[in-house]
Every structure is written in structure tokens, then in C-alpha cells.
Amino acid sequence: MATAQVIRNPARLEPWQDPKAVPYVRIEKVTKRFGDFVAVDDVSLSIYRNEFFALLGGSGSGKTTLLRMLAGFERPSEGRIFIDGVDMTEVPPYERPVNMMFQSYALFPHMSVEQNVAFGLKQDRMPAAQIRDRVAEMLALVQLDRFAKRRPHQLSGGQRQRVALARALVKRPKLLLLDEPLGALDKRLREKTQFELVNLQEKLGITFIVVTHDQEEAMTMSSRIAVMNQGYIVQTGTPTEVYEYPGSRFVAEFIGDVNMFEGRVVEDEPDHVLIRSDEAGCDLYINHGVPMPIGTQVSVAVRPEKVLLSKDPPPDGGGRNATRGIVREIAYLGDASIYIIQLHTGKTVRVTAPNVTRRVDMPLTWDDEVHLSWRPFAGVVLAQ
Amino acid sequence: MSRNGFLPLGDRMSGGNPPGVPAFLSTAAAAVVALLRRVGLWGRGLVIAAPYLWLFLFFLVPFLIVFRISFSDAVIAQPPYSDIVQLLEDTDLEQWKLQITLNLSTYLRLLTDDLYIYAYLSSLKMAAVSTLLCLLLGYPMAYAIARAKPSMRGPLMMLIILPFWTSFLIRVYAWIGILKANGVLANMLGAVGLVDSNWELLYSDVAVYIGITYSYLPFMILPLYATLEKLDPVLLEAAADLGCKPWEAFLKVTLPLSLPGIVAGSLLVFIPAVGEFVIPELLGGPDTLMIGRVLWNEFFSNRDWPVASAVAIALLLFLVVPIMVFQYVQARQQDGEERR
């Protein structure tokens, strides 16, 4: 899966690497139960100032419940939540220094765009002149100045999304919570808005926590991702870490596409590991050691774009990380193609390759016999 | 073929002769259909025409009859009013003349006699107070039902509608038993030592307020429930997120968004309450002055049909204004929903 990450300002620190950094949001052993159902199960997280943090998971993974507990709409059954060092566990939503952008946007239908954005400021008893300036500034920022007098129902989906964003940002919260902020937008608009959101976040210096089920969205925008499943946090890390070094089968399969080869450890040295896999039809050589005894059953994850296809045998054909198969399906995407290859062992493998040449000149076609190979760093060993 | 996509009944009738139908009948039917089509009364037109016909026959015609009576003189006869239209024969000129006599004194009397003005004002006041009481009682009830579990909403609404299964008159009579001296209420309050046993609420304005509020409460709750149920609870979360305490969120979000329901419910209570006759007659005291009672007295005690008719017409004119407000609000609400 081709995922574009917004390249972030390199001068920016990675506070989670700094042991002295004080987290801005601290979630401590938080559990939330609804009756017998455990929506969030013993979650601990530290989120730092100016982070763009994504909670990624499928439906029912507990990501939205966690976000709602940060906003104050749900109270944790156990555990505590600190924002900027203050215990917020029992503080009602209207007293939290936090604003939220709702998935359905939740714009007030009886108010104009302007009134919607001004709502929070009026609530703070800000002088009218100041409110006017702030609202105008905010509407300019989200490019909605021309629509100030319109009612929400007179706006398009993208415009409503921006009103919701403006309304959440206008109070200049230190922490902004976004619940599936791009979920209701079409693909093109979504991509455009992703970049806008990141730029806005960097410009305003606000900590963003975004809930999403869309891994591409999480990869593109966030500084770090917490992958959630069934109320747990399965893995936390930068988009690269989570994609390149998934800690579990679940993460490997949830984020992007992956080929899984079952096998058993036959050689384990500090600098490499060799795994014999009947499924792959070859030995899998990985250039890092794993703390697993010889003979352990493991899975090896290889991303589709890391597999090379060729008609001729790969030059370094030591029988490692190299196997053969037959092209069964080709999906032409324009910039790249997806090949479904059936190995001689019967296993089906997915390979993506950029279309370096024009499609008509492509040397590979259906039912061709092909060689598959990958580099020693491509595989990731996962315990079963 | 039918333009509107309705069953092309007319085409079939004018085309072939269905078996078992005498030829002259199908010919006649085809002629009627052709005629109706010519005047545009077919398909959709016919469906729309039906309620208009109903309103014409049972509302406009009686109204015109009453309107005519209001301009006539009261006479001791059968019927007890003069005819305002007379055909006169001028024997000298050998001419026929149609003479229309409009007696305006009935309307003048409404304006000059304090009784009517007081009765109108009193009715408006009683209706307004009752509407307010219905609103204050009905809003929390409608809100609670709208926020109840979805499986509970149906049964709760059923409980609101349930009283309609008993005759209105019987339910008002039941209040006599509750409110009278030595009645249920007096005995209960007497048992606690709050009042003595001769105390009664019956035959007072308070009793009428209780009666009207009780009878019309469902008409307030139904439209309120309809608007409150549609209100997305996420809007309240958004308000809380932006700094509203629960009561502020209610005032700034719930209340304005339920305004159409408030207007509809208030008018559904207010309009019939102004002309209410049965409740003040049964529960009210001799001083309870309401236009419905005045109307009844003019008709049946005084047998002054022209004045009674004028009272009815004036009442109608009084109510046209709120009805038009109601129409306007409803049209605007529907408009808003379509655009949403």
C-alpha cells in the first residue's frame, strides 16, 4: 500500500524519546465498562505538547470511547486522566481546556456559520468586538469568510467540516480532539484536507488527538499512532515504526497489506536469523536477531512493495529470500500495479510494483512464471 | 396514456368494453371521466380536490350560513331570524327587486356591550394561562419521553394518548368528583389537616384551568415530543464542549430548536381552549366568563341567533391570527426539513 507521509519539520523534537519530557496528556490505567462490555481496557498513554497523535483502530476498538473520556463525555470506570498536569478525571466537559470536532460535525442548525463559530467565545463572555475579530480571523483561516451568514444546511460537506474545525479551534484550546475528522469527505477532498490539517496544527501549535479507522489518514497526518484493538493499545509508534516494524500480526495486517509466511527458526545469530518456511518455498533470511530459541514457530511479514519481481533468477540466488510463482492476477492502478502471484507451494502472495515502464511494454503478464525476491531487511519476524 | 402515471382507467373505459358491464354504463362512465379530465379533475387533481370539497361542504357552507344569520334581525318565529335577502315586487313600476338588508347592530353590540368584550378577554386569558400550564407540564414530559430508551418511548406515548380512549365528557365529569366539596381532593387535603371538609375547588376559575390543562395536555406533548425526539444529543455535547453548563445548553440549543414544537403545541391548545364550552360549563363557577358560554346562552337561553352568530364570527376572526401563525411556522419548518 502506497502511503504518503507528510514530511515533518526535521527540527521538531521527538519528545517521546526524551526521558525528561513531561507529557501534556497522561492517561493512566484507564478502563471503561458499559455494563459487561469493556470498551477500553487498562490503557496508559503519554501524549506530548504539539503532537499530532492518532488513535487508530477498527469499529469497537475503543478509540472513540477513549477520545470521549478525554473530552469529558464519558467518565472512566477506573484510572485517571491528566491534562497539563491537572487531574481531569472528574471535570465536566464544559470546564476542560479541550475542544472537540465531532464526527457528524454537530453544527447548530439554528445558527449561521458565524454564530456557530462565535458560540464558544460568547460562552466565555468575551467582548463582542473581540469575538467579531476572532471569528473573522478563524473563518479566513479555513477559507469560509464568504459563507459567514449561511446556515449549516446551505453548505457542502467539506464546508461544514471546516466550520466544525473553526468552531473547535476558535477558543484556542491547548488540546484539540478530532473524531474521524475526514470521514464524511470524498477521497480527493480528504487528501487535500489532510495536508491542511497538518499545516494548521503546526501553525497554531496545538496538540491534536485524532481518532480514525483509516490507516492511510493516520499514517499521513500523525507524529505517532496508537493502534487499538478490542479496547487495548496494541502498539504505539511513529507511522514508520508501526508500518515497518509491526509488533504483532494484528498490526502488520491492520496497517497496509502484508504477506505472512509461517516458518520455524533454524539459525539465530546476533546479526541475523534464518527461518525455514515451507509456505514460502525457501529460507527466509532476516538481518537482525530475535530473542527466540531455535525451532520456534514464527510468522514472517513481508510488505508487497518490498518484493521484487523478475523473469530471470535474482543474481544473488542463494536460495534465500527467493522463490518462484505464477502471475494469477494483475490490477493496474496507473502509478503501480498489484500482482497476485501463486507460489509453487500453493501460497498466494501479493506484490506491488511501480510501473516504471509503460503498461504496454510491461514484460509480465498473466500466467508468466516469475521470480520473487526481497532484501534481508524486508522481513519482520512476529511471534505467533 | 395517463400523464401522471396513475392507472389509466379512463383510457381503458373509453377504449374497450370490459366484459359483464352494460354498454350504456361504460359509455356514461367514459363521458364522466372525459368531463373530469377536461376540467383537470383527474388523478392527482381528484385526490387534492377531495379534502377541498370536504372543507367546502362542512366548513365554508356552514360558515356562510352563520355569517348570513349574523346580519339578520332576531324575530319570534321559526327559524328565529329574518331573511336578509328578499325579493320584492314593485307593483307600481311592475318591477322585481332583490333587496338585501344587513343588520349591523349585532356587531355594534359586540363592541359596545361590556359583556362580550369581557367574555372575549376572559376567554383569551383563560386560554393563555391554560396554554402556559400545558407548556410547563408538557415540556418536561415530552423531554423525558424523547430521552427515554427507544423501546420505552412507544409505551410512554401510548400512556399520553390513552385518555382519548374514554369520552372527553366523562373525564371532565370525573374531575367534578375530585374537586367538589367532600370530594377526593378535599378529603385528602382534609386528612392532612390542610382544609376543612367543606372546602372545594369546583365551580371556580382554578377548576377550569385544571380541566383545560388536563384535557389539552396531550395536544401539547405530541408536537413537542416530535421536535425533541429529532434533536441530536450530539448537539448538546458540542454545546458542553464549547463551555455550556447543562442548563445553558438547554437554553441555547434545546429550547430554540424545539421552538416549532412549542408554537405548534401552544396553538393546538390555545385555539380550542378559547372557544371551550363544556369545561367552563361543568367545572366553572357562575363568574367564570368565557365566550363559549356566552355563545351558548345567546343561542339557547336568549334565542338571539343573529347576536350568537356574530359572536361566533368574531371568535373566528380572533382565532384566524394564531391559526395563520401556526400555518406559517409549520410551512417554514417543512421547508427547512426539505432543505436539510
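Computed from the coordinates by the stated procedures, all read-outs in this text should not be read as laboratory data. As the structure is a prediction and not an experimental result, all values here were calculated from the model. Virtual Cβ from ideal backbone geometry, glycine too; neighbours counted across all protein chains shown.
Estimated from the Cβ-Cβ distance and a Förster radius of 56 angstrom, the FRET efficiency linking B:R303 and B:E248 is about 0.40. The phi-based Karplus calculation (6.51 cos²θ - 1.76 cosθ + 1.60; θ = phi - 60°) puts the 3J(HN,Hα) values of the range A:61-66 at 7, x, 5, 5, 4, 4 Hz, whole numbers, x for Gly and Pro.
Counting, for every residue in A:93-101, the Cβ atoms of other protein chains within 10 Å of its Cβ and taking the mean gives 4. Which of the helices in chain B meet the span-like rule: DSSP H, Cα axial reach of 24 Å or more, Kyte-Doolittle mean at least 1.0? Long hydrophobic helices here: B:114-147.
The slack between B:V75 and B:M188, meaning 0.36 nm per residue of separation minus the straight C-alpha distance, is 35.4 nm. Tilt of helix A:187-204 relative to the longest C-alpha principal axis of chain A, in degrees (0 to 90, nearest 10)? Approximately 60 degrees, to the nearest 10. For the range A:39-58 and the range B:259-299, compute the distance between their C-alpha centroids and round to whole Å. Going from one Cα centre to the other spans 62 Å. Taken residue by residue and averaged, Cβ atoms of other chains lying within 10 Å of the Cβ of B:241-254 number 5.
Distance between the C-alpha centres of the range B:188-206 and the range A:234-280: 84 Å, rounded to the whole angstrom. Any idea what angle helix A:128-141 forms with the longest principal axis of chain A, computed on alpha-carbon atoms, 0 to 90 degrees, nearest 10? Value to nearest ten degrees: 20. Shape of chain B from its Cα gyration tensor (a ≥ b ≥ c, root eigenvalues): rounded if a/c is under 1.5, otherwise prolate when a/b > b/c, or oblate? Since a/c reaches 1.5 but b/c is at least a/b, the shape of chain B is classed as oblate. Dipole magnitude for chain A: about 1900 debye, using +1 per Lys or Arg Cβ and -1 per Asp or Glu Cβ, origin at the Cα centre.
In order along the range A:325-331, phi translates into HN-Hα couplings of x, 10, 5, 9, 9, 10, 10 Hz, rounded to whole numbers, per the Karplus curve 6.51 cos²θ - 1.76 cosθ + 1.60 with θ = phi - 60° and x for Gly and Pro. Counting other Cβ atoms within 10 Å as a rough exposure proxy, the listed residues A:M111, B:M158 run B:M158, A:M111 from fewest neighbours to most. Based on every Cα atom in the protein assembly as shown, Rg and the maximum pairwise Cα distance Dmax equal 39.5, 138 Å. Across the cross-link table entries A:K20/A:K306; A:K29/A:K203; A:K32/A:K174, which are compared at the Cα atoms, the separations over 27 Å belong to A:K20/A:K306; A:K29/A:K203.
Rounded to 0.05, the FRET efficiency of the B:Y328 and A:E78 pair, given R0 = 41 Å and the Cβ-Cβ distance, is 0.15. Straight Cα distances below 16 angstrom link B:K245 to the lysines A:K122, with same-chain residues fewer than 8 positions distant left out. Among B:W247, A:W16, sorting on how many other beta-carbon atoms sit within 10 Å of each Cβ, with the fewest leading, yields B:W247, A:W16.
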